[in-house]
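This report refers to the structure that appears directly beneath it.
Laboratory data are not the source of any read-out in this text; all were calculated from the coordinates shown. Computed from a prediction, not measured in an experiment: that's the story for all the values here. Counting neighbours? That spans all protein chains shown, and the Cβs are built from the backbone with ideal geometry, glycine included.
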Amino acid sequence: MKRTPILLCLALCASTAWAGGKAKAPPKEAEKPSAAEPAELTKKETKVREKAFAAYDTELAAGSKTRAADALVLIVEEADLAEFHGEAYAKLGDILKELSLPYAALCAYEKAFETASDTNVDEVSLRVPAAIEIAGKVGDLAILQKPFAGNLGLARTEDVRGQMAYLAAKENVRAGQWGTSSAILKMVKEGDPLWADAKVLDGIVLNQQDRHEEALKAFEAAGRASRGKDARWMDSLQLDTARTWYGAGNYPRAIEAYSRVPRESAFWPDAQFERGWAHFRIDDFNGALAQLLPFDSAFFAKWYFPEADLLRIYSMFLLCKFPESETQIEHFKDKYKPVHDKLAAWAGHDEAETFEAARKYMETGKTTELPEMIWRPWGGEERFSQSVKAVQSAEDELKRMKKVAANPFSDAAKAWLTQRHDDVVKAEGGRVKERFAGQEEQLGEMLANSEIFVLDILRMKQQMFEQAAITGKELEAARNVKRTERIRKGYQEWPFEGEFWADELGYYKVDVVPECPASMRQSVK
């Protein structure tokens with residue numbers, strides 16, 4: 001029975017997050033939210049409403065916005081007036097916006113969307129455009145995802161329906177509700193400003209369902225509608241396309257797609273690494289080595305790519321380059337054992353400390369306790385950058401609110417904004433901590449199993465010697481390849497001897513002759 005060396009098993013398992021591997025079974029799909037139908041107030045309800053809003057109407061007519069806001073706070077604090085909470089929050093958001101407290105206004109609008117009733121849904125829905133605009137400015141569109149996902153009936157006009165649907169779909173993606181996400185994304189019509197983004201998100205959702213052919217069509221549609229998108233967006237789309245081909249098992253097409261991610265792109269390192277896997281999957285070990293060679297350069301010294309090292313080692317193992325494989329295993333342990341230990345020590349930090357450390361790296365490039373290779377992804381991740389922007393916006397606004405005299409509306413606004421600030425810090429700090437914990441677990445397994453991989457090397461060596469003894473033939477020495485290729489004009493070629501330029505990776509071609517006897521050649525197919 002053929003036994004797959006444990007190093008490959010470990011690397012294959014670790015790669016499924018990006019390589020189209022099956023996702024965990026999502027929770028049971030929720031029904032798609034339906035539009036709320038507006039209802040008329042009864043005469044009794046109308047009288048109750050008029051009485052509840054009387055103080056607000058009086059103060060607003062007198063030009064006292066702060067007292068009008070105080071009156072609205074009294075309404076939302078009264079449980080018996082729950083029918084009118086949505087309207088009161090909406091009006092309170094308007095006042096806070098006029099008082100130059102946009103983030104607090106956004107918090108009020110969020111509560112309005114969550115508490116809107118059938119009798120005031122039309123009134124509340126009028127605030128959707130303003131809420132989306134404010135959320136974009138303060139960096140917290142995420143605050144609207146949950147209320148929009150729970151009440152798509154707020155989309156009363158075509159101009160906001162696409163924006164609401166896109167944010168609602170993102171909330172369902174976060175919850176693993178793939179079917180609901182796809183259904184909601186159909187509300188974003190072609191020609192909508194978010195059409196291209198919606199098609200990208202739809203492609204990602206389809207990939208999670210192993211519907212790769214449909215995902216490719218979604219990405220193609222996004223590409224056709226990409227006019228005005230920046231280079232980063234286009235590069236991300238190209239990487240998504242390559243990953244889809246990989247997930248579909250079409251590795252040659254994946255290699256072609258990965259090669260189209262430009263060298264200057266922030267996604268180029270990921271494309272190089274993942275392309276190495278595609279070469280490996282078709283038993284092109286030389287191709288895999290060529291893609292993975294740069295990851296051993298000085299340029300990548302501060303990047304976290306342990307899988308690249310393992311894949312390079314295993315490719316050499318399959319070529320029977322045993323001495324080099326053993327040397328690289330020791331190098332791997334020396335490189336990543338200290339990283340693993342520091343990740344384990346970080347478990348004592350809470351979410352707030354973790355968020356602030358990642359924020360510090362993003363803003364200043366300075367690291368805290370952990371090596372830069374661990375912090376690097378958080379320096380440019382879009383979601384984390386938006387969260388930092390939101391936290392900074394909240395902190396700036398809370399400072400301004402200290403100058404506001406204590407009263408019901410300002411106390412409520414401070415409480416809402418403080419809670420939102422803390423929620424974002426906890427959520428994002430927790431996400432960073434969770435990534436660290438995953439890296440620590442992954443490295444722990446890799447380091448522990450590297451010892452077993454050494455035994456695999458010894459086993460293969462023994463088989464080679466036994467075969468040589470049976471056949472009476474000595475093992476062949478490593479051969480040098482005769483180079484017959486012509487050198488293109490303007491190019492130079494020389495044997496690679498471990499040298500790298502400090503700032504140049506180049507594109508490498510590796511031509512290594514397998515040292516395995518024909519009977520011991522292995523395949524990963």
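A few remarks follow.
- Dividing the radius of gyration of the alpha carbons in the range 160-282 by their Kirkwood radius gives 0.99 for Rg/Rh.
- Where only C-alpha atoms are counted, convex hull volume of the range 267-383 per residue in Å³: 117
- Violating pairs (Cα-Cα greater than 27 angstrom) within the set LYS366/LYS426; LYS111/LYS403; LYS217/LYS509; LYS111/LYS137: LYS217/LYS509
- Both radii come from the Cα set of the range 100-166: Rg as radius of gyration, Rh as Kirkwood radius; their ratio Rg/Rh reads 0.92.
- Projected onto its three principal axes, the C-alpha set of the range 302-475 covers 95, 23, 21 Å, listed from the longest axis down.
- For the range 202-214, the Karplus equation 6.51 cos²θ - 1.76 cosθ + 1.60, evaluated at θ = phi - 60°, returns couplings of 4, x, 5, 5, 5, 4, 5, 9, 6, 9, 5, 4, 5 Hz by residue, with Gly and Pro reported as x.
- Full-extension gain in nm, ARG232 to GLU369, via 0.36 nm per residue minus C-alpha separation: 46.3 nm
- Peptides 180-189, 99-108 ordered by average Cβ neighbours within 10 Å, highest first: 99-108, 180-189
- Mean Cβ count within 10 Å, highest first, over the residues of peptides 282-290, 438-446, 89-97: 89-97, 282-290, 438-446
- Between ASP334 and ARG174, the modelled labels are 4.5 nm apart [label points 7 Å from Cα along Cα→Cβ].
- The length gained on full extension between ALA183 and ALA415, counted as 0.36 nm times the residue separation minus their Cα-Cα distance, comes to 79.9 nm.
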